[in-house]
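Quick note: the coordinates plus some simple rules give every number you see, no bench work behind them. Note that the structure is a prediction, hence the values are computed from the model and not measured. Virtual Cβ from ideal backbone geometry, glycine too; neighbours counted across all protein chains shown.
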Amino acid sequence: METNKQDVKDFWNKAACGENLYLKGEDEKEAFIKQAARRYELEPYIIPFANFEASKGKKVLEIGVGLGAEHQRYAEAGAQLHGIDLTERAIINTRKRLAIFQLESQLQVADA
């Protein structure tokens with residue numbers, strides 16, 4: 001792996017984007033709910049752009065799952081869901097999130 005890419009992987013493997021802000025010291029389910037609410041408050045364009053509801057029954061691959069907010073929305077919409085991330089930490093957090101909400105996806109560490 002290139003040095004720059006390894007630096008990026010190492011950085012995000014220390015804590016996924018938003019992890020230290022939202023997932024520390026709270027009930028995990030509530031923490032994920034708060035993280036998603038804040039994410040869509042700060043970036044409201046994600047919801048209309050992603051058009052989660054249109055994914056029902058479709059195969060969806062999300063590259064870079066992060067904390068899994070969009071992944072959760074695709075799963076709730078009924079997508080046949082797959083997700084990859086460069087870091088083990090993001091996959092662990094997204095698996096945890098989906099398990100809490102009783103959702104499923106095929107997740108793996110991979111480099112896109």
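With 16 Å as the cut-off, how large is the P(r) tail for the chain, expressed as percent of Cα-Cα pairs?
59
If you take every residue apart from Ala36 with its C-beta less than 10 Å away from the C-beta of Ala36, what net charge results, scoring Lys and Arg +1 and Asp and Glu -1?
+3
Quick one: how many lysine pairs in the chain have C-alpha atoms under 22 angstrom apart, if they're 8 or more apart or on different chains?
Lysine pairs satisfying the spacing and distance rule in the chain number 12.
Using the number of other C-beta atoms within 10 angstrom as an exposure proxy, rank Thr94, Thr3, Thr87 with the fewest first.
Thr3, Thr87, Thr94
If I take every Cα pair under 8 Å that is 6 or more residues apart in the chain, average their sequence separation and divide by the length, what percent do I get for the relative contact order?
Working: 150 pairs, mean separation 28.1, N = 112.
Worked out over the chain, it gives 25 percent.
Taking amide hydrogens as modeled 1.01 Å from N in the peptide plane, which residues meet the under 5 Å criterion relative to Gln80, leaving out close sequence neighbours?
Amide H neighbours of Gln80: Gly57, Lys58, Lys59, Val60.
Per residue of the chain, what 222 nm ellipticity follows from adding -39500 (n - 2.57) for every DSSP H run with n ≥ 4, rounded to the nearest 500?
Dividing the helical sum by the residues of the chain leaves -15000 deg cm²/dmol.
Can you find, among Gly64, Phe11, Phe49, the residue farthest towards the positive end of the dipole of the chain? Put +1 on the C-beta of Lys and Arg, -1 on that of Asp and Glu.
Of the options given, the answer is Phe49.
Can you sort Tyr74, Tyr22, Tyr40, Tyr45 so the residue with the fewest Cβ neighbours within 10 Å comes first? Numbers along the way, then the final one.
Numbers: Tyr74 25, Tyr22 21, Tyr40 15, Tyr45 8.
Ordered from fewest to most neighbouring Cβ atoms within 10 Å, Tyr74, Tyr22, Tyr40, Tyr45 come out as Tyr45, Tyr40, Tyr22, Tyr74.
Measuring from label point to label point, each 7 Å out along Cα→Cβ, what is the Gln80 to Ile47 span in nm?
With each label point 7 Å from Cα toward Cβ, the separation is 2.9 nm.
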